[in-house]
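Below is one structure, written out as C-alpha cells, with a few remarks after it.
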Amino acid sequence: MSTQLLTIIFVSITFLIYGVIAWISRAKSTDDFYVAGGGVSPLANAMATAADFMSVATMLSVPGLIAYLGFDAAVYLLGPPGGFLLLGILIAPYLRKFGKFTIPDFIGDRYYSNTARTLAVVCAVFITLTYLAGQMKGVGVVFSHFLHVSKEWGVVIGAGIVFFYAVLGGMKGITYTQVAQFCILGFAFLVPIIYLSVMVMNDPFVFTSWGGKTADGVYLLDKLDALSTEFGFKEFTAQRRPTIDMFFIGLTLMLGTAGMPHIIIRYFTVPKVSDARKSVAYTLLLISIVFLATPALAVFSRTLMLESLNNIPYASAPDWFKVWEQTDFLSFTDKNGDGIIQFIGGAANELKIDFDITFLAIPEIANLPNWIIALVAAGALAAALSTAAGLLLVISSSIAHDLIKEQLHPDMSDQRELTISRICIAIALLFGIYFGINPPGFIIQTVALAFSIAASTFFPAILMGIFFKKVAKEGAIAGMLVGLIFVVSYIVYHEFLGGKADGYWMNISSQGIGVVGMLLNFTTTFLVNKYYGNEPPLEVQQMVERIRYPKGVGEANGH
Amino acid sequence: MNDNLEAYWKANLRILIVLLAIWFIVGLVFPILLVDQLNNFQIGGFKLGFWFAFQGSIIVFVILLFVYAHLMNRLDNKYGVND
C-alpha cells in the first residue's frame, strides 16, 4: 500500500476515535465545558495534560533543533520539565484550592480589581493566540506533505477538525479526547525511535542506547562529533551560544511553563488539592517518557543525515527528496556545479532543510517501513490538535467568562455563556488559520514569545498572589503591565523589526528575555506596593490564607 | 490565622525552599553553569554535564515532584489540614 494511502487511513481512524469520544462526553453545562465537571481522575487528567502540553513544537521542532544545534538546544528539552516542577510546587495546588475556572478569575479576585482581571484576559489571549499560531503552522506542514494538498488547505482542514470537537466537547470532551491523543502521540513518537535505535545501535532501549558504542566500537556521540567536524560543522556536544543566553533561555522556558494558562487550568479539574499534586507528578512522568527519548531521535537523525545526504548525485536522489523539494521546506542549490549534493557547514553548503521537518523526513531518510511514516503523521496531528483545543478553551473562557459574564453581563444564563464561548473559539480559529498560513517565524520562535510573556506576567502575579498576602492591586497591575510591555517590545523589535543579534542586551536573545521581564515585574510591584499601595482588604488577605492549606476544598466553580 | 496553620505554612515553606534549591542546582547549575567542569567526567558514552542537560535534570525533576506530593500529604495529616 502506498504511504499516502496508509497515512490517510491512519489519520482518519485516529480522527474518528477523537470524534466519537468528543460526542460521547460532550459538555452539557458550563462546569462541564470549563473544568469537565471537576471529576477527572488524577491519572486521566495527567494524560490529558501531557497531550495538551506536548505540542508540534515538542514533537517536530525540538528534535529538529537538537539535531541542528547540538548541545545548545538542550535548554528546550530541560526547560519545560523544570517549569513543571515550579508549577507543581508553587502554583497548581494553591490555585486548585482557590477553586475557580480561570487564571483571570484568580488574578481578578486576588487583586480585587476588574482592571487586573481585564489585564489578565489580555495576557491570556496574547499568550494563547501566539501559541496557537505555532500549532497551526505545524498542522499545515503535516497535512500539506502527507495529504498532498496545498499548505492553505492543510491549515483549513485542521482548523475545521479542531473546531468540531473543541466546540462540541468543551473541557470534558477535550480531556477524554486528549487521553486518546496522548496514547497515540506517545506511541507514534517512540516506535520510530526504537526502530532507528535497533538500526543504528542494535539496542532497542532508546533512553540509553544513544550513549553506547556502534558496531565499529566507537561511542555514537564521539562518532557524531567526528562526522560533524569532517563535514565542517561544529562538534555536536560542544557549546556555541553564550552561557548567559543559555541560562536565560532555560530559565524563561521554566518560568513560562509554570505560567502557561492552558496548563495551569488543567489542575482545576481534579477533585482535591492532594490530587492536584499527584496529577502534576504523573504529568511530568508521562511527559518525560517522550522528553528522555528525544535526544536519541536527534542524535540518530543527525548521524544518518550526515552519512546519507552527502556525495549523492542529485540526479539519483531518492523519491522522498523530490517530494520535500516541491515544498519550501527543503532546497538544493548546486553551488559548485558538480551535480552532487554537498551537505556541509559554512557557505559552500548546498542543501537547506527546515529543521521543523526533521522528524517527518527521517523515517524516509532511514528507509523505515511506510506504516511508520503514516504513524508519525497521525502522532504529529494528535499533538497539534490536542494543544490547539486546550488553547482555544483558554481563549473562550477568558473572553466569555472573565470579560463578558464577570464584568458586563453578570446575569447571563449558562446557555448563553456557552454560546458565546463557542463563538469565541470560532473567531480565535480564524486568527489561527491566518497565522498558520502566514506564520511569523519558525514554530519554536513563535512559541518562545508565548513563554516569555507568561514568564513576565502570570508567573510573578500568581506567585505573589499566593505567597505575599500584602501585595495590593496597584503593585500587581503595574508589574504585569511593565512585564508585558517590556517583553513584547523587546521581541517585536528583535525578531520582526530587524534588530540585530549583536544588539541583544547583555547577549540575552529574545527567547531568554522573559526572565528580565519577570525581574522588572517583581521590582515594579515591590516599589509601587511600597510607595503607592494600600493594604489589601481583610477578606482578600483571608482568602489568601485559605488557599494555603488544603482542608475544605470545594468543586471548582464560576459562581 | 491560628498557630497551627502558621506552623503548617512555615513547614510548607521549608519544604519548598529545599526543593527549589535542588531545582536550581540540577536544572541550571549542572547543565549550564558548570557543564564544562562536569564534562570532564564520563559515564558510558555520555559526558556528565551533557547528560545532565539532556536527561539527568529531567529525571531529578520527576523524582522531586513525587517526593513533594509525599511530603505534603504527610504534612497535611500531621497538622490535620488534609482534604
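The values are calculated or read from the model by the stated rules, or taken from the named source; none is laboratory data. What you are looking at is a predicted structure, and each value in this text was computed from that prediction instead of being measured. All Cβ positions, even for glycine, are placed from backbone atoms using ideal geometry, and neighbour counts span all protein chains on display.
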Original post:
Does residue A:367 qualify as being without any contact (Cβ under 8 Å) to a residue 24 or more places away in the chain and assigned to a loop (DSSP other than H, G, I, E, B)?
Top reply: yes
**OP:** Please give the helices (runs of 4 or more DSSP H) falling wholly within the range A:430-548 in which 1 or more residues are more than 30 Å from residue A:384 (Cα to Cα).
**Re:** A:458-467, A:473-491, A:514-531, A:538-547
Original post:
Out of (1) crowded, with 20+ Cβ neighbours inside 10 Å; (2) within 14 Å of another protein chain (Cβ to nearest Cβ), what's the single condition that is false for residue A:261?
Top reply: (2)
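May I ask you to say which residue of A:444, A:466, A:453, A:433 is more than 28 Å from residue A:82 (Cβ to Cβ) and out of contact with any Pro (no Cβ under 8 Å at 6 or more places or on another chain)?
Values: A:444 fails: more than 28 Å from residue A:82 (Cβ to Cβ); A:466 fails: more than 28 Å from residue A:82 (Cβ to Cβ); A:453 fails: more than 28 Å from residue A:82 (Cβ to Cβ).
Just one listed residue meets the conditions, A:433.
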**OP:** Report, by residue number, each residue of the range B:39-50 that is crowded, with 17+ Cβ neighbours inside 10 Å and at the interface with chain A (Cβ under 7 Å from one of its Cβ atoms).
**Re:** B:45, B:46, B:47, B:50
Original post:
Can you tell me how many residues in the range B:55-80 are in contact (Cβ under 8 Å) with a residue 12 or more places away in the chain, within 8 Å of chain A (Cβ to nearest Cβ) and either surrounded by 24 or more Cβ atoms within 10 Å (Cβ to Cβ) or within 17 Å of the chain's Cα centre (by Cα) (or both)?
Top reply: 5
Original post:
How many residues are over 15 Å from residue A:246 (Cα atoms) and at the interface with another protein chain (Cβ under 8 Å from one of its Cβ atoms) if we restrict to the range B:17-38?
Top reply: 3
Subject >> Only listed residue being surrounded by 21 or more Cβ atoms within 10 Å (Cβ to Cβ) and at pLDDT below 90, chosen from A:56, A:75, A:20, A:62 >> reply: A:56
Subject >> Candidates B:19, B:5, B:28, B:13, filtered to the one that is assigned to a helix (DSSP H, G or I), of a type in the set (A, V, I, L, M, F, W, C) and at pLDDT below 95 >> reply: B:5
**OP:** Tell me the helices (runs of 4 or more DSSP H) entirely within the range A:244-347 that contain at least 2 residues that are without any contact (Cβ under 8 Å) to a residue 12 or more places away in the chain.
**Re:** A:319-325
Subject >> Failed condition for residue A:141, given (1) part of a helix (DSSP H, G or I); (2) without any contact (Cβ under 8 Å) to a residue 40 or more places away in the chain; (3) under 30 Å from residue A:437 (Cα atoms) >> reply: (2)
**OP:** State which residue is farthest from the other protein chains (Cβ to nearest Cβ) when the search covers only the range A:198-229 and only residues that are without any contact (Cβ under 8 Å) to a residue 40 or more places away in the chain and more than 26 Å from residue B:59 (Cα to Cα).
**Re:** A:229
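Within the range A:81-99, track down each residue that is over 20 Å from residue B:18 (Cα atoms) and buried (at least 24 other Cβ atoms within 10 Å of the Cβ). Talk me through it step by step, then tell me what you get.
To start, the set of residues in the range A:81-99 that are over 20 Å from residue B:18 (Cα atoms) comprises A:95-99.
A:95, A:96, listed by residue number.
Any residue that is among the aromatic types (Phe, Trp, Tyr), exposed (fewer than 15 other Cβ atoms within 10 Å of the Cβ) and either more than 14 Å from every other protein chain (Cβ to nearest Cβ) or out of contact with any strand residue (DSSP E or B) (no Cβ under 9 Å at 6 or more places or on another chain) (or both) - is there at least one of those in the range A:547-559? Write out each step before concluding.
Of all residues in the range A:547-559, those among the aromatic types (Phe, Trp, Tyr) come to A:549.
Cutting the leftovers down to exposed (fewer than 15 other Cβ atoms within 10 Å of the Cβ) gives us none.
Within the range A:547-559, none of the residues are among the aromatic types (Phe, Trp, Tyr), exposed (fewer than 15 other Cβ atoms within 10 Å of the Cβ) and either more than 14 Å from every other protein chain (Cβ to nearest Cβ) or out of contact with any strand residue (DSSP E or B) (no Cβ under 9 Å at 6 or more places or on another chain) (or both).
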